[in-house]
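Read the figures in this text as sums done on the coordinates, not as results from a lab. Predicted, not measured: the structure shown is a model, and the values here were computed from it. Quick reminder, even Gly has a Cβ in these numbers, built from the backbone with ideal geometry, and neighbours come from all protein chains shown.
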Amino acid sequence: MPESLPVLPIGGLAAPRGWRDRLRAWREACLSSPRFQRWAAAFPPTRPIARRNARALFDVVAGFVYSQVLHACVQLDLLPRLRGRPATVEELAAELRLRPDAVACLLRAAVSLRLVEARGAGRFGLGEQGAALLGNPGAIAMVRHHAVLYRDLADPAAMLRAERGSTGLARYWAYAADAAPGELPADRVDEYTSLMAESQGLVASEILGAYAMGRHRVLLDVGGGDGSFLAAAAARWPQLQLRLFDLPPVVERARRRFAAAGLEARASLCGGDFRRDPLPTGADLVSLVRVLHDHDDEVVLRILREVARVLPPDGRVLIAEPMSGTSGAEPMGDAYFGLYLFAMGSGRPRTVDELAALLDAAGFGPPVTHRTHVPLLTRVVVAAPRRDRRSVNLA
Ligand SMILES: C[S@@+](CC[C@H](N)C(=O)[O-])C[C@H]1O[C@@H](n2cnc3c(N)ncnc32)[C@H](O)[C@@H]1O
């Protein structure tokens, strides 16, 4: 132990009360003491922990720069250029019309993040993470889209103080701040609908891998976007009839998509605003894919009550979205989606327990969690209407 440990702080804003508080105050004082930090970094048994913690802290400090390295690779189409075709700094400088020192700087940064890999003889190829990213066009689309998020986050304290609806993200997700989303024109929904369609492939395969739909006849996808999820479900479960509910101009996109895929005979589409309009009846499975986290509790309750109303007694609601408190992916829920949705001005990531409370209040029984392979991308919970279907007000 260091010769003299920091003295327990007493007083301040609120004096520690029980022994746990006193222990935590002692730990805080140790960890923030430069002398303790020097000692922990030098003492062999604590050295690996100190290094790991220092690295984790540096990653948090530098995370924005890492993201911008990735953004530069995406903006310059660097990764597709390197696919199966390693190149030198000079070759890339000529192709990208950048100075060689700028290319060398970007490549060194990208190598450190495993996006790119040095291949010898001065050549660079795709790194492990770069290759994985190329297999995921949805993630690349999100990287481009993050330009809007990062503009809002350039002054995070200002973003936290901003009026709801005044951010770039609130303008992007037009339904989030609009009092009458049912009247939005096509040009306000097109960009986000394309972004969602691009990232739907992996999400759909996670959901369809987690929940078997063999016993269902009719699947209604509420907030179903351009129909990408329904098209994937239709391919996996040929007995399913399809229904889609979304804002009117989004439904028109789905109509074109289903026509192109030859799915018109299996699908019926309904345009409306789920904050005020009734949902179509007839489905025995209703899915809400990446929908509830966009909305505040009153809207979520309204949607779930409406779902409970239209489902038959043996029906199910399926909720799929990234959730707060996901083990091993905690920063994704509360740091990434928490700030993202706050900047958007509507909704929040919820834990399974918080969703269970809303489901209960809307008249559903306890939800069952179905395992997905990548819970960071989406989790899946399924619930059945309670016999009484009595919905209650949340306190
Ligand atoms: C985040 S997107 C998810 C789309 C799709 N489920 C997916 O995962 O790709 C949310 C969807 O909910 C729809 N939506 C938002 N507010 C709505 C409202 N008030 N009524 C009907 N649909 C709405 C949007 O148009 C959008 O298609």
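A few comments on the model shown:
- Max mean-square fluctuation residue, GNM over the chain, Cα-Cα springs under 10 Å, options I319, I207, I49: I49
- Sorted by Cβ neighbour density within 10 Å, fewest at the top, the residues V352, V218, V203: V352, V218, V203
- Our Cα-only numbers for region 47-134 put the radius of gyration and Dmax at 14.2, 45 Å.
- For the chain, built as a Gaussian network whose Cα springs stay under 10 Å, the top-fluctuating residue of C270, C30, C73: C30
- Scaled radius of gyration (Cα, divided by 2.2 N^0.38 Å) that region 109-222 gives: 1.48
- Long-range amide H partners of V218 with built H, under 5 Å: Q241, D284, L285
- Inter-part distance where region 171-192 and region 38-88 are each reduced to a Cα centre, Å: 37 Å
- Under 5 Å between amide hydrogens, built in the peptide plane, is the criterion, and for T88 it picks out F124 among residues at least 5 positions away or on other chains.
- For region 56-65, 3J(HN,Hα) per residue [Karplus equation, 6.51 cos²θ - 1.76 cosθ + 1.60, θ = phi - 60°, Hz, x = Gly/Pro]: 5, 5, 5, 4, 5, 4, 9, x, 4, 5
- Taking 0.36 nm per residue of separation and subtracting the Cα-Cα distance, full extension of the segment from Y336 to R35 would add 105.0 nm.
- Positive minus negative residues near E198 (Lys, Arg vs Asp, Glu; Cβ under 14 Å): +1
- The shape of the chain can be summarised by an equivalent ellipsoid whose semi-axes, obtained from the alpha carbon gyration tensor, come to 41, 32, 20 Å from longest to shortest.
- Each residue of region 213-227 was assigned a 3J(HN,Hα) from its phi angle through the Karplus curve 6.51 cos²θ - 1.76 cosθ + 1.60 (θ = phi - 60°); the sequence is 9, x, 8, 9, 9, 10, 10, 9, 9, 8, x, x, x, 7, x Hz, with glycine and proline shown as x.
- If the segment from A42 to D155 were pulled out straight at 0.36 nm per residue, it would be longer than the present Cα-Cα gap by 37.0 nm.
- Residue-span extension gain [V143 to A261] - 0.36 nm each, minus C-alpha spacing: 39.6 nm
- Reported to the nearest whole Å, the Cα centre-to-centre distance from region 297-324 to region 100-124 is 48.
- Alpha-carbon Debye profile of region 198-285, log10 I(q)/I(0) at 0.18, 0.22 Å⁻¹: -0.74, -1.10
- As a size descriptor, the averaged projected area of the C-alpha convex hull of region 289-352 was calculated at 4.6 nm².
- Scalar couplings 3J(HN,Hα) for region 28-42, obtained by applying the Karplus form with A = 6.51, B = -1.76, C = 1.60 to θ = phi - 60°, are 4, 5, 4, 5, 8, 8, x, 5, 5, 4, 5, 5, 5, 6, 9 Hz; x denotes Gly and Pro.
- Note on the chain: with a GNM built from Cα contacts shorter than 10 Å, the maximum mean-square fluctuation among Q200, Q37, Q239 falls on Q37.
- Between A131 and V65, the distance separating the two model label sites (each 7 Å from Cα on the Cα→Cβ line) works out to 2.8 nm.
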